[in-house]
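Peer 1: Got a structure for you, questions after.
Coordinate-derived values only; no laboratory data. Model, not experiment: these values are computed from the prediction. So basically every Cβ, Gly included, is an ideal-geometry build from the backbone, and we count neighbours across all protein chains shown.
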Amino acid sequence: MVDQAQVNSANGRAESSPRAMARSAAELMHDVLTLAELQSKLLVVDCQSGLRKLIAPAVCLGVGAVLALCCVPLALTTIALAITESTTLTASQSFGIVLAGALLVALILLGGAILYLRNSWTLLDRSLTELKYNLQWSKEMLRRLSRRNSSATPESLRTSLD
């Protein structure tokens, strides 16, 4: 018994073509599902990071909008009256100057917030880059799998698997 040859279940033959195709497809689906899971986790991290980056510009935008709408009536009235008393300008001229100054400050705050948001808008860059790479990889694997199996004959499969 010791000198008898070992016999495996395939009896010396390579794995059948449908079985090899099924195994390759199953492995590919497992890899695609793993990539999809990682892609979703990266999307969550990117969204959290993006929300943290939006807090400061949103606050500036809110403060600028409130200032533009309200113009801090009491402080602006006080400044206008001080200009009227210390110069030869009329009250309406003084109020116009103060209003223009307040609107200028509000526009500077709003413009700064908008520029900051426009230049730093990278909310989903990592996720989109990874998605692009994952899609390219999946297409390449499917192309290789179809090329390998479309031109494969049972004889060529046996030699390639050995």
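Peer 1: Between residue 82 and residue 68, what is the label-to-label distance in nm when each label sits 7 Å out along the Cα-to-Cβ direction?
Peer 2: Placing both labels 7 Å beyond Cα along the Cβ direction yields 2.6 nm.
Peer 1: Using only the Cα atoms of the range 74-139, what are the Rg and Dmax in Å?
Peer 2: Reported Rg and Dmax, both Å: 24.8, 78.
Peer 1: Compute from the Cα atoms of the range 24-144 the Rg and the Dmax, the latter being the longest Cα-Cα distance, and quote both in angstrom.
Peer 2: 26.7, 90
Peer 1: Applying 1/(1 + (r/R0)^6) with R0 = 41 Å to the Cβ-Cβ distance of residue 108 and residue 47, what FRET efficiency is obtained, to the nearest 0.05?
Peer 2: That gives a FRET efficiency of 0.85.
Peer 1: Roughly how far apart, in whole Å, are the Cα centres of the range 43-65 and the range 79-95?
Peer 2: 40
Peer 1: Starting from the 7 Å offset along Cα-to-Cβ, what nm value, one decimal, do you get for the label separation of residue 146 and residue 40?
Peer 2: 2.7
Peer 1: Give the residue list of chymotrypsin sites (Phe, Trp or Tyr not before Pro) in the range 52-129 that are DSSP loop and have at most 16 other beta-carbon atoms within 10 angstrom.
Peer 2: For chymotrypsin sites (Phe, Trp or Tyr not before Pro) across the range 52-129 that sit outside H, G, I, E and B with at most 16 neighbouring Cβ atoms in 10 Å, the list reads 121.
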